[in-house]
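A.B. asks: One structure, as structure tokens, below. Some questions next.
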Amino acid sequence: MIEFCGLKLRHPVINASGCFDVLAAARVFGDELFEQFPFAAYVSKTITLRARAGNPPPRLWESAAGLINSIGLPNGGLRAYLETDLPALAAALPVPLITNVMGSTPEEVGEILDALEAEATVAAIELNVSCPNVATGLDIGADPDGLEALLHHVRPRSSKPLIVKLTPNTADVAACAAGAQAGGADAVSLINTLRALALAPGGSGAWLGGGSGGLSGPAIRTVALAQVSRVAQRVTIPVVGMGGVASGADARDLLDAGATLVAVGTESFRDPAAGSRIARELDDGFTQIAH
Ligand SMILES: Cc1cc2nc3c(=O)[nH]c(=O)nc-3n(C[C@H](O)[C@H](O)[C@H](O)COP(=O)(O)O)c2cc1C
């Protein structure tokens, strides 16, 4: 059993936001999914205050050992999440729910946190700060002082554990993690996707409908390890490590670098049972070490 921000989890493997749609998976795999649920907690895809259509296609590009996505966070908005997704998740999930949220202003984030406060199904909140700041074009979480100020504004709006999902697209991720902690975050998670570009054949510009995208998968594993290690040395709050995890050995590396939990993202598209496999491989490793 692992203790994380007051949650008791069966093992240290959870899903990365946006990479495992539990309600869609249930339609494909049926009740079996919930009997052997792959993750120790379930993280929702990002929800925003208002509905978003997402980016125009194409939305994916396969790169060497990685995936560039420009999905654009399509979702039905807060109201639809509360009315439709949340009751379905409450009825189905055998593990704690972490709801991932994003807002383009502190007021928007505050409004979402207010609405989630009354929802007992939501065990914790993950705040995605990889949203572009309309004034600067940088991610809103890319500036340590700005991130701390955002946290000071929104932290009092929620009594639930608040995990700040840091952006890797910044000069100093450890300083951003320290800013999140100073602003009252209970944990940080990283890494989100790295900004990347794929060009269409024939010189006709960006391949992805949204322009640039975010790189994930094995290609970012060593970057994730470096960033998790730096952040874990800088903060005292728990760290959730992710980025290219595809095996128990990859998860072990992130735990050794200082993470308390590990999240599996892109690998779940290749193998929907990856979460269980990675938790099992980790456990086997523990057993081997113990023997
Ligand atoms: C298709 C796709 C959709 C994603 N959607 C979200 C999202 O909605 N919110 C979020 O915080 N991160 C999102 N991510 C980022 C992942 O949660 C994760 O941080 C990143 O992919 C690195 O992990 P990985 O290499 O194991 O995929 C998404 C990633 C992918 C590939």
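A.B. asks: Mind counting the residues in segment 205-216 that are in contact with a Lys or Arg (Cβ under 9 Å, 6 or more places away or on another chain) and crowded, with 17+ Cβ neighbours inside 10 Å?
C.D. replies: 5
A.B. asks: So if I check each of A123, A135, which one is modelled with pLDDT of 95 or more, of a type in the set (G, A, S), on the phi < 0 side of the Ramachandran plot and out of contact with any His (no Cβ under 9 Å at 6 or more places or on another chain)?
C.D. replies: A123
A.B. asks: Considering only segment 208-225, how many residues are in a loop (DSSP other than H, G, I, E, B) and either closer than 11 Å to P168 by Cβ or near the ligand (Cβ under 9 Å from one of its atoms) (or both)?
C.D. replies: Here the count works out to 1.
A.B. asks: Among the residues of segment 143-180, which ones are among the hydrophobic types (A, V, I, L, M, F, W, C), in a loop (DSSP other than H, G, I, E, B) and touching a strand residue (DSSP E or B) at 6+ places or on another chain (Cβ under 6 Å)?
C.D. replies: Once the filter is applied, which keeps residues that are among the hydrophobic types (A, V, I, L, M, F, W, C), in a loop (DSSP other than H, G, I, E, B) and touching a strand residue (DSSP E or B) at 6+ places or on another chain (Cβ under 6 Å), segment 143-180 yields only L166.
A.B. asks: Could you count how many residues in segment 97-130 are within 16 Å of the ligand (Cβ to nearest atom) and within 28 Å of L215 (Cα to Cα)?
C.D. replies: Total meeting the criteria: 18.
A.B. asks: Filter segment 108-132 down to the residues that are of a type outside the set (A, V, I, L, M) and touching a helix residue (DSSP H, G or I) at 6+ places or on another chain (Cβ under 8 Å), then identify the one that is farthest from L49 (Cα to Cα).
C.D. replies: The residue in question is T121.
A.B. asks: Can you give me the ranges of the strands (runs of 3 or more DSSP E) entirely in segment 6-96 with at least 3 residues that are away from the ligand (no atom under 14 Å from the Cβ)? Reasoning before the result, please.
C.D. replies: Values: elements: 7-9, 13-15, 60-63, 66-69.
Where strands (runs of 3 or more DSSP E) fall fully within segment 6-96 and carry at least 3 residues being away from the ligand (no atom under 14 Å from the Cβ), they are 7-9.
A.B. asks: Which of (1) in contact (Cβ under 8 Å) with a residue 12 or more places away in the chain; (2) of a type in the set (G, A, S); (3) surrounded by fewer than 14 Cβ atoms within 10 Å (Cβ to Cβ) does G30 not meet, given it meets every other one?
C.D. replies: Of everything listed in (1) in contact (Cβ under 8 Å) with a residue 12 or more places away in the chain; (2) of a type in the set (G, A, S); (3) surrounded by fewer than 14 Cβ atoms within 10 Å (Cβ to Cβ), G30 misses just condition (1).
A.B. asks: Give segment 232-249 a look and list any residue that's among the β-branched types (V, I, T) and away from the ligand (no atom under 14 Å from the Cβ), or say none. First the steps, then the outcome.
C.D. replies: Step one: list which residues in segment 232-249 are among the β-branched types (V, I, T), which gives 235-237, 239-240, 245.
The answer is V235, T236, I237.
A.B. asks: If you go through segment 97-118 one residue at a time, how many are within 18 Å of the chain's Cα centre (by Cα) and either of a type in the set (K, R) or outside any helix (DSSP H, G or I) (or both)?
C.D. replies: The total comes to 8.
A.B. asks: Next question, about the same structure. What is the residue count in segment 154-173 for residues that are over 25 Å from T121 (Cβ atoms), more than 15 Å from the ligand (Cβ to nearest atom) and in contact with a helix residue (DSSP H, G or I) (Cβ under 6 Å, 6 or more places away or on another chain)?
C.D. replies: 0
The values are calculated or read from the model by the stated rules, or taken from the named source; none is laboratory data. On a predicted model such as this, the values are computed, not experimentally measured, just so you know. We place every Cβ from the backbone using ideal geometry, glycine too, and count neighbours over all the protein chains shown.
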